[in-house]
Amino acid sequence: MSKTQQRLVSYYLELGQQKTADLQWFKRESRQISRLWQFAQAEPQQTLFYIFTFFDFQNRFGLWQDAIDWVEVGLTAVEQSHNPIWGKAILHRNLGICYASLSQFQEAITHYREALTLSRQENGDWRIVFTSMVNLGNIFRRQGKMREAEQFCTNAYHLAKQANHLDNQAEALRVLGIIFDDEARFEEAFDAYQAELAIVQKEGDSVRIAECWLRLGVVEQHRGNLQQANVYFSDALKQFRLSGERRKLAGALGNLAINQTYLQNFDASQELLVEARQVWMDIGDQANLGSTYSNLGLAYAKEKKHAEALQLFEQSLEMSRLVGERRSEGIDLGNLGTTYCGLGQLQLARDYLVDALEIAQETNDRRNEARWYGSLGVTFEAASLPEHAMDCYQQAITISEAIGDLQTAAETAWNLVLLYREQGKESLATELSETKLLLKIKPR
């Protein structure tokens, strides 16, 4: 590669770093970057540098299949580099990121585990071990395997603490907070986020501080402290407006809209949703637009605003299908089913829930598989089909216990206890109510 060609490549890479929010620029210039990259193929180490850089671009813009193609090229080039083990570890970690983003969890787990194995060999990199551990924890969380998720993230936190690396400690605490929040362990979630905030405040990064406020707001919302949640969300929103972080701005608008719904400020909620929708559309992020619709739909359903909830779930479903996100599609179908159940339209509810259950099983989404079995049990119970309801409740309990989601297992078990009593099966009701699970955990 000539010096002129090197300067051209460097120019495009530097320009790309400055244009990280401009998807159109990347699509327009990526061919030129790719053409220039061909000149570097005779130099393996430089080739890897370009592949890592292109991966960063594609990762930012959600171009996962393109990113996978580039990384596969890198796996060939890395054999000729001066440190192939390190290079392969990074590339396998990057493939894990891509497949996890496509909800292809088994492929992601395979690549993350390979990255862990390689990174623990001679000349390994503890940071790759750390990111692979945290990302594996996140995948297991999304699958509902909470014990594995917590173990990986706890190990990652201790690794970062041993290395005295504050950024990585904060990252592990963030994911641990999400895991605790998912399990309704709100005090532990709040403590994890507060510890993360303390680390971030030392570094004075106002955007990351605002991100911590968002997470603390979510926990306060889940604990029922809606006014305090409003303070956190509003402060985060102000900071994102000042910083110009459009993606984070849209997320904060969505969180505040949900909280306003719980406070029954429906006009304010709608105004915030309209602004969030516009921001997501401006930056071309249809997946997160769908997520905003879905989360707001849950808030409206909780407030018994069923018509509004159904409309939002339908919009979310449309987005999920548009971007090919099967797991999200299943969740949208399940949310439609539970909402129709609340309206008494039991056959329509079951149709949606059966479709949701099939997708959960297809994507190995065990947590939502248990959730939809439980919801199907409710529809069968409402339709005076107790035997079918008992079967569904039992399936939900078995899955929830297997993945460590004991709160959901207990709540479903209490439903089954009540149904046994209604059906005159007092001995079964007594036996179930005296299990360790129900003696230890009460419904929320």
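The values are calculated or read from the model by the stated rules, or taken from the named source; none is laboratory data. Everything numeric here is computed off the predicted structure, so don't read it as measured data. Neighbour counts are summed over all protein chains in view; Cβ atoms, including those assigned to glycine, are modelled from backbone coordinates with ideal geometry. Accessible surface areas use protein heavy atoms only, side chains included; no ligands, DNA or RNA. Shrake-Rupley method; radii C 1.70, N 1.55, O 1.52, S 1.80 Å.
May I ask you to verify whether Ala429 is farther than 22 Å from Glu150 by Cβ, among the aliphatic types (A, V, I, L, M) and open to solvent by less than 20 Å² (accessible area, probe 1.4 Å)? Spelling it out, Ala429 is indeed farther than 22 Å from Glu150 by Cβ, among the aliphatic types (A, V, I, L, M) and open to solvent by less than 20 Å² (accessible area, probe 1.4 Å). Taking the conditions (1) more than 21 Å from Lys305 (Cα to Cα); (2) touching an Asp or Glu at 6+ places or on another chain (Cβ under 9 Å) in turn, Glu220 satisfies each one other than (2).
All conditions but one from (1) assigned to a loop (DSSP other than H, G, I, E, B); (2) open to solvent by less than 40 Å² (accessible area, probe 1.4 Å) apply to Gln121; the one that does not is (2). The lone criterion from (1) closer than 19 Å to Leu406 by Cα; (2) open to solvent by less than 10 Å² (accessible area, probe 1.4 Å) left unmet by Ala156 is number (1).
Of the residues Gly424, Gly342, the single one that is over 29 Å from Gln106 (Cα atoms), open to solvent by 50 Å² or more (accessible area, probe 1.4 Å) and in contact with a helix residue (DSSP H, G or I) (Cβ under 7 Å, 6 or more places away or on another chain) is Gly342. Could you check, for the range 221-232, whether at least one of its residues is free of Cβ contacts under 8 Å to residues at least 60 places away in the same chain, in a helix (DSSP H, G or I) and among the basic types (Lys, Arg)? No, every residue in the range 221-232 fails to be free of Cβ contacts under 8 Å to residues at least 60 places away in the same chain, in a helix (DSSP H, G or I) and among the basic types (Lys, Arg).
Condition first: among the charged types (D, E, K, R), at pLDDT below 95, part of a helix (DSSP H, G or I) and out of contact with any Asp or Glu (no Cβ under 8 Å at 6 or more places or on another chain). Now tell me which residues in the range 337-368 satisfy that. Glu362, Arg366, listed by residue number. With respect to (1) without any contact (Cβ under 8 Å) to a residue 12 or more places away in the chain; (2) part of a helix (DSSP H, G or I), the lone exception for Cys212 is condition (1). On the stretch given as the range 273-282, residues that are under 22 Å from the mean Cα position of the chain (by Cα) and within 12 Å of Leu296 (Cβ to Cβ) total 3. Report yes if some residue within the range 178-186 is out of contact with any Leu (no Cβ under 6 Å at 6 or more places or on another chain), crowded, with 21+ Cβ neighbours inside 10 Å and at pLDDT 95 or above; otherwise report no. Looking for residues that are out of contact with any Leu (no Cβ under 6 Å at 6 or more places or on another chain), crowded, with 21+ Cβ neighbours inside 10 Å and at pLDDT 95 or above, one finds none in the range 178-186, hence no.
Yes/no matrix, rows are residues, columns are (1) in contact with a helix residue (DSSP H, G or I) (Cβ under 7 Å, 6 or more places away or on another chain); (2) open to solvent by less than 30 Å² (accessible area, probe 1.4 Å):
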residue: Ile128; (1), (2): yes, yes
residue: Ala160; (1), (2): yes, yes
residue: Asn164; (1), (2): no, no
residue: Asn168; (1), (2): yes, yes
residue: Arg174; (1), (2): yes, no
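Modelled with pLDDT under 95, open to solvent by less than 50 Å² (accessible area, probe 1.4 Å) and not polar (S, T, N, Q), is that true of Ile209? For Ile209, the condition - modelled with pLDDT under 95, open to solvent by less than 50 Å² (accessible area, probe 1.4 Å) and not polar (S, T, N, Q) - is not met. When Leu310, Leu346, Leu333 are checked against the criterion of being in contact (Cβ under 8 Å) with a residue 24 or more places away in the chain, within 17 Å of Ala370 (Cα to Cα) and hydrophobic (A, V, I, L, M, F, W, C), Leu333 stands alone in meeting it.
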